[in-house]
1. Being open to solvent by 10 Å² or more (accessible area, probe 1.4 Å) and among the β-branched types (Val, Ile, Thr): is that true of residue B:359 here?
2. Report yes if some residue within the stretch B:148-157 is over 16 Å from residue B:220 (Cβ atoms), touching a residue at least 24 places away in the same chain (Cβ under 8 Å) and either aliphatic (A, V, I, L, M) or crowded, with 23+ Cβ neighbours inside 10 Å (or both); otherwise report no.
3. With A:22, A:13 as the choices, which residue is over 8 Å from the mean Cα position of the chain (by Cα), open to solvent by 20 Å² or more (accessible area, probe 1.4 Å) and modelled with pLDDT under 80?
4. Enumerate the strands (runs of 3 or more DSSP E) found wholly within the stretch B:117-198, keeping only those where 3 or more residues are more than 27 Å from residue B:213 (Cα to Cα).
5. Given A:36, A:42, A:6, A:72, which one is open to solvent by less than 10 Å² (accessible area, probe 1.4 Å) and either modelled with pLDDT of 85 or more or of a type in the set (Val, Ile, Thr) (or both)?
6. Please go through the stretch A:28-59 and give me each residue that is free of Cβ contacts under 8 Å to residues at least 24 places away in the same chain and more than 11 Å from residue A:7 (Cβ to Cβ), ordered by number.
7. Answer yes or no: is there a residue in the stretch B:208-217 that is modelled with pLDDT of 90 or more, assigned to a strand (DSSP E or B) and open to solvent by less than 50 Å² (accessible area, probe 1.4 Å).
Amino acid sequence: MGREAVAGVTFALIQSVKTLFLMQGAVCKFEPSCAVYAREAVRVLPPHVALIKIIWRVLRCNPFSKGGYDPVVR
Amino acid sequence: MNKNTVIAFLLIALSVIFFNSSLWNNFWYGKVLKKPVPTYQSSRQRTAQAASSEGGDAKDTTTIKIIPPGGKTATASPANNADSTIAETDTAAAVQLVEDTLTVETNRLIVAVSTRGGRIISLKMKDYEYASSARKKGFVDLLPTGSVGGAQLSINNESFDSVFFAVVKVDTGNGAVQTVVLEAKSLSGKSVQKEFLFADDTYKIGYTVRGDAVVNQKVTVGWVGGIEDSEASQDVPFGGTIDKRRAHYSDGRSVNHFEMSKRGKEEPSGSYRWVGVSSKYFFVALVADSLRDADIVIEGWNAAKSSQGASKGKDKNIDIDYSVYYKADATASEIRDWIYAGPGKVGELSRHGLKFEKTLFPVLSWARYIFWSDLWFPPIAEIILKLLIYFHKLLKDYGLSIFLLTLLSKIVTYPLTQSSNRSMMRMRDLQPKIAALRQKYGKGNQQKFSEEMMALYKAEGINPLNPGCLPMFLQMPIFIALFVVLRKAVELRAATTYLIPWVKDLSQPEALFTLPFSIPLYGTNVALMPIIMAALTFFQQKQALQDPNQKAMIYMMPIIMLVMFNGFPAGVVFYWTLSSALGLVQQKWLLPKPVAAPAVAEHHKAPVKKIGQHHGGSGKKSSKRR
């Protein structure tokens, strides 16, 4: 339950950033998108690993990366 | 997901309420020092004490009374006063035992100097008036009425703040420079003069201390009165916390900022050029004529009952004192300083070449430890502020310049948003294929599904078109800087615009009408623009988020925006509304025609409406999965 809530908060925060600062839809190069990825990571991984993975994912999600299918790996 | 999103938003809302509650405020801000009530001694009292400490009769001190301002001039000197110099001091001071106020007016300032201590007790800005909602009326006064004032002086820890000064020269004539010279004698009988110089078209006040008493002594100049908050605190969430008074000191090259919330005292020492305090819109500083060695004491006190009426003990603002101890200098018989007292206008601040403008957008939050925001944020904010001023110079209307700024920010981020729009369209075209793949491999063969997905992305070459999430986070600084600038720019204070004529002041929350009661988090004022913005957000969200799993977002975001923006200054809300509207326009009309790739053309009849851009599968499938 707690983990679900944190996952929800993470998702909501990234989604809010999208809404507030971009007001646009798809930006992500990956599938699933960064917000969904973050939510899944918080759900299934220990918090510190999840944090590092999310940061690493966002850093990878730049115009020079190839993108692609990149689900959370346990 | 729905439930979790609701829980998430509830948590965010609760934390907002908590961090604005008095429980938290008392915990976090409660530990600052309480300021002692300033006590004034008359010079006679001081003289008597000195006499008694030099072996005179201690009984003398009991007979001395403090002469109230405007009271009768006392002439009698203590009977047992043997020391002739002290007697002299006493008689010299006795002539001046009535507090007198000298008022000097330039085209920018109205300054009142008291003969008691030679302190500046009032600093009125002629270009700025209190907002109509404030309790005070008339010109903004940077020193609270009845405060100890500014431009304090002590020599060798002997304070002159309660000594009555004799008026040597008052030249408030038609000359370019108006002068006030006051003189007093120290306990050892040496004379000290305070000279104030005032001129038109500047917020600079010359402040020179000279005389025999200064030579080879440790001279302290101070500004004990701090700065008075010019704005009425708004009883809305997020309102009171951002505009804390801040202390700054500098050696002329780098500027150090302090927020006096928890720490009570700062004592930097070394090379010193200026030290000052800033409120939301104004700045007062004590500036040395040249780089000097000094010890500085900056102290924060719990704000005395603010005359602007801080609501319900929510005042997190701290009064800040500061003193500069100049180290003993055997040769100098003159200490030249000047005082800057004026608005935080970037042009006024930067024209002195002392980096005053760095006090406008200091970064003091935790963000500087993670994002190094103190390095890049102030320059961005300064550029935006200068653009705003430039646009205003051209168009003479701040609403229009905000519009131009918004447009500019949209143009700057156009390639990014446009490419994301384009890829959103192509993703839509591709969704049926992904759905088919999922159906084919489903849960059973995740690995095969991943491989197929990879192959599909490679074949279609879609995601490489996306800008990625990193640029989205990278452009946040521009938005935040725009937000902060529009919130803090003194130029928008009391500014009106033709574009939204019902707004009386772009720096104040808009109030179409005021409710007789306060809605928690929302406040008492009902504003029109946040409602428009919430509606725009709703449409935008509805268009962007078509995944039924994210339905909560469509309704939650507008409500949160409405509540959040209701208490924000009208200028900020105006910008954000324009930004939303332009974003919607871009999404609706500037969107390129769907790229009908031959491979996916046959799937066009598929129900694409259900497909969200954040999910690999269709809404139906993903909801089943959960």
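The values are calculated or read from the model by the stated rules, or taken from the named source; none is laboratory data. Remember, predicted model here, so these are calculated numbers, not experimental data. All Cβ positions, even for glycine, are placed from backbone atoms using ideal geometry, and neighbour counts span all protein chains on display. Accessible surface is based on the protein model in full, side chains and every heavy atom, while ligands, DNA and RNA are left aside. Shrake-Rupley method; radii C 1.70, N 1.55, O 1.52, S 1.80 Å.
1. The answer is no for residue B:359.
2. No.
3. Of A:22, A:13, the one residue that is over 8 Å from the mean Cα position of the chain (by Cα), open to solvent by 20 Å² or more (accessible area, probe 1.4 Å) and modelled with pLDDT under 80 is A:13.
4. B:120-129, B:139-141
5. A:36
6. Listed by number, the residues that qualify are A:33, A:46, A:48, A:49, A:51, A:52, A:53, A:55, A:56, A:59.
7. Yes: one or more hits.
For (1) at pLDDT 80 or above; (2) assigned by TED's automatic domain parsing to the domain that holds residue B:489, each residue gets a yes or a no:
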site: B:346; (1), (2): yes, no
site: B:386; (1), (2): yes, yes
site: B:397; (1), (2): yes, yes
site: B:401; (1), (2): yes, yes
site: B:406; (1), (2): yes, yes
site: B:420; (1), (2): no, yes
site: B:427; (1), (2): no, yes
site: B:446; (1), (2): no, yes
site: B:450; (1), (2): no, yes
